[in-house]
1. Scan around residue 203 for amide H atoms under 5 Å from its own, H built in the peptide plane at 1.01 Å from N, and keep only partners 5 or more places away or cross-chain.
2. Rounded to whole Hz and in sequence order, give me ³J(HN,Hα) for region 141-151 from the Karplus expression 6.51 cos²θ - 1.76 cosθ + 1.60, θ = phi - 60°, writing x for Gly and Pro.
3. List the residues, sorted by chain then number, that are 5 or more residues from residue 296 or on another chain and whose placed amide H is less than 5 Å from its amide H.
4. Multiply the residue gap between residue 15 and residue 254 by 0.36 nm, knock off their C-alpha separation, and tell me the result in nm, one decimal place.
5. Would you mind checking which residues have amide H under 5 Å from residue 77's amide H? H placed 1.01 Å from N; only 5 or more apart, or other chain.
6. When all C-alpha to C-alpha distances in the chain are sorted into bins of 20 Å, what percent of pairs does each bin hold, rounded to whole numbers?
7. What residue among 144, 70, 233 has its Cα farthest toward the positive end of the dipole of the chain, where the charges are +1 on Lys, Arg and -1 on Asp, Glu, each on the Cβ?
8. Based solely on its DSSP helices, what 222 nm [θ] is calculated for the chain when runs of n ≥ 4 H residues each add -39,500 (n - 2.57) and the sum is averaged over all residues, nearest 500 deg cm²/dmol?
Amino acid sequence: MPARAHHVFGPVPSRRLGRSLGVDLVPYKTCSYDCVYCQLGATTNRTVERGCFVCINDILQEIAARLAAGPTPNYITLSGSGEPTLQADLGVLIAGIKRISTLPVAMLTNGSLLWRPDVQDELLAADLVIPSLDAGDEVMFQRVNRPHRELHLARIIAGLESFRKRFRGELWLEVFLLGGLTAGPDEVSKLVGLLARINPARIQLNTVARPPTESYARPASSAELSRAAQLLGPRAEVIAERPAAETRAAVAPRADEILALLRRRPCTLADVAAGLGAHRLEVAKHIEHLLRAQTIVMRQHGQRMYYQLAQGQNPPPNGPRATEEE
């Protein structure tokens with residue numbers, strides 16, 4: 001495995017996908033949205049223009065090296081520090097991954113570009129696509145997702161509906177609910193008809209787990225999430241963070257591996273241990289050393305303690321990794 005992979009990271013623990021080998025496809029905070037709940041801060045390049053941000057051959061070499069080094073992930077997940085469908089030639093990338101691996105390919109996307117025929121065509125070869133839909137009307141869409149000026153909810157819904165009819169793989173839909181904004185029954189009810197049109201195999205309800213961009217983007221309560229799941233029907237499920245599993249055949253972690261994970265996103269001690277296949281006690285020793293050296297900082301969010309890169313530490317070329325998930 002190369003000493004430093006620029007675009008491929010993990011496998012990292014994913015609440016939905018088990019162990020996910022992430023592929024970061026776009027520069028830091030290059031996105032079509034500027035969501036109030038994003039854990040990476042405000043979008044610095046809000047755009048709908050696709051481009052060649054990464055070299056496909058470099059990505060494939062990194063994936064092959066990481067797979068050879070192990071451990072074996074459950075999915076190879078195309079994602080990014082922004083919106084991954086802004087990367088051109090996704091079809092070429094997916095075809096290349098399938099030449100070197102039999103693992104399923106997942107795409108995490110905000111769904112904002114699925115109205116484009118070229119994006120649809122390129123994603124048809126994926127095994128799993130997980131777009132998001134956070135609001136049931138235009139007013140709340142603008143308030144929560146703060147999209148590029150060319151994007152409107154009607155266009156997003158039409159794209160999701162059209163892609164679902166063409167796609168032969170699994171399509172799950174993430175709904176991100178915010179306490180005081182979108183988690184109430186009136187707002188959730190607005191989603192019912194839209195979700196019926198899109199017809200996803202699963203509806204996954206999520207909420208704030210890490211420090212968001214805007215302080216008012218607060219998590220929905222367990223009761224609100226459960227009520228929303230009931231309103232949205234039998235395909236709806238609440239995604240709860242599971243304690244990361246430890247393994248007795250744990251490997252010895254290295255400080256640079258821990259920093260690579262924290263460059264991508266804030267992690268708990270359990271996240272780091274699961275992502276590296278290491279024992280928590282060994283990870284804790286490195287975490288303590290990195291804290292004393294002020295290389296990383298500790299930040300509490302709710303009842304959980306997260307570790308992240310200290311301010312001024314250099315991120316990798318593609319910047320930190322964005323979404324929950326992974």
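Where a number appears in this text, it was derived from the coordinates with a stated rule and is not lab data. Just so we're clear, the structure is a prediction, and the values are computed from it rather than from any experiment. Please note: Cβ atoms are built from the backbone with ideal geometry, for glycine as well, and neighbour counts cover all protein chains shown.
1. Here 173, 236, 237 satisfy the definition.
2. 4, 5, 6, 8, 8, 6, x, 4, 4, 7, 9
3. 291, 310
4. Details: separation 239, 0.36 × 239 = 86.04 nm, distance 2.40 nm.
Residue separation times 0.36 nm, minus the Cα-Cα distance, leaves 83.6 nm.
5. 21, 22, 23, 106
6. 33, 60, 7
7. The residue sitting most towards the positive pole is 70.
8. Details: 10 runs with 110 residues, N = 326.
Rounded to the nearest 500, the figure is -10000 deg cm²/dmol.
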